[in-house]
Amino acid sequence: MILSDVKAMNWRHGMNLDVLDLIKESSVNIAFADRNIQSMKKDIENLLSLDFEFVSQGDMKTILSELNEQFKFDNYPQIMADIINLLMRFKDVSEVKEFKLSLTTVSTNMCRRFHVDVNHLRLLCTYEGPGTLWLEDDNVNRTALNNFEDNDQIILDPERIRQVSTGAVIILKGEKYANDGITGAVHKSPAIEESGETRLILRIDSL
């Protein structure tokens, strides 16, 4: 099932990963799917105890080989199977052959300001902790955004700030997306330092 509404034509939301294909629509710069990741809970808890930052770049074979070398797929079967599936999905959607993949635990505030990534496409999945915050296009003051002003100036209506759920998979268009006239998705990381939370985040960028 795919959900959307007329007030927010820059995004598409679904209950399975098929919705990610809709990022290719000319008017869409955000596509995300909600998921139940309860089956991965044990693997997630075990990974959180390690406190790490894994980064790999190259084709799928290179990334999966380095991922397996560090984590051993058999030790975390559910989440590693999910990461492989998401990488394959992202490969199909992005239509590129090389990627940068990171899997990290984070306990600090990352991106404090709403922004657009300087890239082509990015996939994010927060396996633990609060998910990514994002804005509908009609809730963005692009002049303030481009002038690097504060969030108070960028956001037209703070009551309309959106957030994806834990476990959801989101794909965002960046500034380098090839089609003319497309604006990048405006988003930021949630603040977690004050609450003492830890996030486990998967990020895949197209190269």
Residue 75/residue 203 FRET efficiency (R0 22 Å; Cβ-Cβ; nearest 0.05): 0.55
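Starting from the Cα-Cα distance between residue 38 and residue 176, subtract it from 0.36 nm times their residue separation and give me the gain in nm to one decimal.
Details: separation 138, 0.36 × 138 = 49.68 nm, distance 3.50 nm.
Extra length available between residue 38 and residue 176 comes to 46.2 nm.
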Longest segment of the chain lacking chymotrypsin sites (Phe, Trp or Tyr not before Pro) that sit in a DSSP loop with at most 15 other Cβ atoms within 10 Å: 53-147
Choice from 165, 102, 39 showing the highest fluctuation, given a GNM over the chain with Cα pairs closer than 10 Å: 39
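Just to confirm the filter: which trypsin sites (Lys or Arg not before Pro) across segment 10-103 are DSSP coil and have at most 11 other Cβ within 10 angstrom of their Cβ?
For trypsin sites (Lys or Arg not before Pro) across segment 10-103 that sit outside H, G, I, E and B with at most 11 neighbouring Cβ atoms in 10 Å, the list reads 72, 97.
Counting DSSP beta bridges with both partners in the chain, what percentage is antiparallel, nearest 5?
Details: 37 of 41 bridges.
Within the chain, antiparallel bridges account for around 90 percent of the total.
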Exposed-loop-free span, longest in the chain, where GluC sites (Glu not before Pro) count as exposed if DSSP calls them loop and at most 11 other C-beta atoms lie within 10 Å: 96-192
When the chain is reduced to its Cα atoms, the Kirkwood hydrodynamic radius in Å: 17.5
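For segment 138-196, what class follows from the C-alpha gyration tensor (a ≥ b ≥ c being the square roots of its eigenvalues): rounded when a/c is under 1.5, otherwise prolate if a/b is larger than b/c, else oblate? Please report the intermediate quantities before stating the final value.
Details: a/c = 2.01, a/b = 1.23, b/c = 1.63.
It comes out oblate by the Cα gyration axes.
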Difference of contour (0.36 nm per residue) and Cα-Cα distance, residue 165 to residue 52: 38.4 nm
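Laboratory data are not the source of any read-out in this text; all were calculated from the coordinates shown. Just so it is clear, the structure is predicted and the values come from calculations on it, not from any experiment. All Cβ positions, even for glycine, are placed from backbone atoms using ideal geometry, and neighbour counts span all protein chains on display.
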